[in-house]
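K.L.:
Mind looking over this structure? Questions follow.
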Amino acid sequence: MLVTAMKCETFVAHEDPEVLISEADIQARVLELAEQISKDYEDCDELVMVGVLKGSFIFLADLSRALTIPRVIEFIAVSSYGRGSRPSGAVRLVMDVRGNIEGKHVLIVEDIVDTGHTLKYLIGMLDSHRPATVRTCALVRKAERAEVDVPVDYLGFDIPDKWVVGYGLDYAEKNRTLPYIGTITPFD
Ligand code: PRP
């Protein structure tokens with residue numbers, strides 16, 4: 001039987017992403033973060049890494065595998081009202097962690113901190129589960145876009161206020177699986 005290739009619509013931006021952070025630089029920084037986290041938690045029984053869906057899935061996979069301490073993986077999902085050029089800042093929980101994190105050391109793993117509303121909400125929400133500690137780790141942060149003060153205990157890179165894709169980050173669900181982080185100019 002003859003199978004013809006599917007034609008898929010993939011054009012979501014005016015141009016291909018321009019490399020902002022290379023694959024090699026990401027991998028090197030992930031190893032540095034993993035080394036620091038492993039050191040900081042070396043006396044703990046277990047670290048609960050909470051990945052924030054969807055964007056953190058690749059960063060979490062690489063970071064968690066590079067740790068040298070006991071760790072378990074959880075996921076959480078949130079939705080932001082008014083996401084786009086004018087986010088409202090309101091965050092809604094879509095999926096909570098499955099396991100009991102009471103008394104555990106928790107590390108929230110994010111791909112990006114933009115306005116900071118999501119991370120601030122998550123810290124408060126996870127705190128309500130009464131863990132021993134809650135810290136935060138983000139691959140990239142747009143410091144210029146910050147609307148709230150939120151601690152990022154482990155940060156990969158500060159980046160300029162540009163639309164970024166790749167390594168988990170998307171534009172209209174596209175380009176998440178690029179091995180590097182690139183910038184695009186989205187359609188209006
Ligand atoms: C991104 C990112 C953070 C949030 C940060 O998620 O993964 O969760 O935005 O933005 P903030 O600092 O302005 O609150 P997004 O809503 O794009 O969903 P996704 O991870 O499923 O792509």
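K.L.:
For Ser38, indicate whether it is in contact with a Lys or Arg (Cβ under 7 Å, 6 or more places away or on another chain), under 23 Å from Ala28 (Cα atoms) and not in a loop (DSSP other than H, G, I, E, B).
P.N.:
For Ser38, the condition - in contact with a Lys or Arg (Cβ under 7 Å, 6 or more places away or on another chain), under 23 Å from Ala28 (Cα atoms) and not in a loop (DSSP other than H, G, I, E, B) - is not met.
K.L.:
Does Leu31 satisfy the condition of being open to solvent by 90 Å² or more (accessible area, probe 1.4 Å), touching a helix residue (DSSP H, G or I) at 6+ places or on another chain (Cβ under 6 Å) and modelled with pLDDT of 95 or more?
P.N.:
Answer is yes for this residue.
K.L.:
Another question, then. Looking at (1) within 11 Å of the ligand (Cβ to nearest atom); (2) surrounded by fewer than 17 Cβ atoms within 10 Å (Cβ to Cβ); (3) modelled with pLDDT of 95 or more; (4) small (Gly, Ala, Ser), which one does Gly103 not meet, given that it meets all the others?
P.N.:
Here Gly103 clears every test but (1).
K.L.:
Thr4 versus (1) modelled with pLDDT under 95; (2) among the polar types (S, T, N, Q); (3) assigned to a helix (DSSP H, G or I): which is the lone unmet condition?
P.N.:
It is condition (3) that Thr4 fails.
K.L.:
Considering each residue of the range 111-155, count those that are of a type outside the set (Val, Ile, Thr) and open to solvent by less than 10 Å² (accessible area, probe 1.4 Å), and give that number.
P.N.:
7
K.L.:
Name the residue, out of Gly89, Gly55, that is buried (at least 17 other Cβ atoms within 10 Å of the Cβ) and closer than 27 Å to Lys162 by Cα. Steps first, answer last, please.
P.N.:
Values: Gly89 fails: buried (at least 17 other Cβ atoms within 10 Å of the Cβ).
Of Gly89, Gly55, the one residue that is buried (at least 17 other Cβ atoms within 10 Å of the Cβ) and closer than 27 Å to Lys162 by Cα is Gly55.
K.L.:
Which one of these is in contact (Cβ under 8 Å) with a residue 40 or more places away in the chain and either assigned to a loop (DSSP other than H, G, I, E, B) or near the ligand (Cβ under 10 Å from one of its atoms) (or both): Asp149, Asp111?
P.N.:
Asp111
K.L.:
If I filter the range 121-154 down to residues being in contact with a helix residue (DSSP H, G or I) (Cβ under 9 Å, 6 or more places away or on another chain) and of a type in the set (A, V, I, L, M), which single residue comes out as farthest from Ser38 (Cα to Cα)?
P.N.:
Here the residue is Val148.
K.L.:
Within the range 156-182, track down each residue that is in a strand (DSSP E or B) and crowded, with 18+ Cβ neighbours inside 10 Å.
P.N.:
Gly156, Val164, Val165, Gly166, Leu169, Tyr171, Ile181, Gly182
K.L.:
All but one of (1) away from the ligand (no atom under 13 Å from the Cβ); (2) in contact (Cβ under 8 Å) with a residue 60 or more places away in the chain; (3) within 28 Å of Glu35 (Cα to Cα) hold for Lys162, so report the exception by its number.
P.N.:
Every condition holds for Lys162 apart from (3).
The values are calculated or read from the model by the stated rules, or taken from the named source; none is laboratory data. It should be emphasised that the depicted structure is a prediction, and the values quoted were computed from it without experimental measurement. Cβ coordinates were reconstructed from backbone atoms using ideal geometry, including for glycine residues, and neighbour counts include every protein chain displayed. Areas reflect the complete protein model, heavy atoms only, side chains present, ligands, DNA and RNA absent. Shrake-Rupley method; radii C 1.70, N 1.55, O 1.52, S 1.80 Å.
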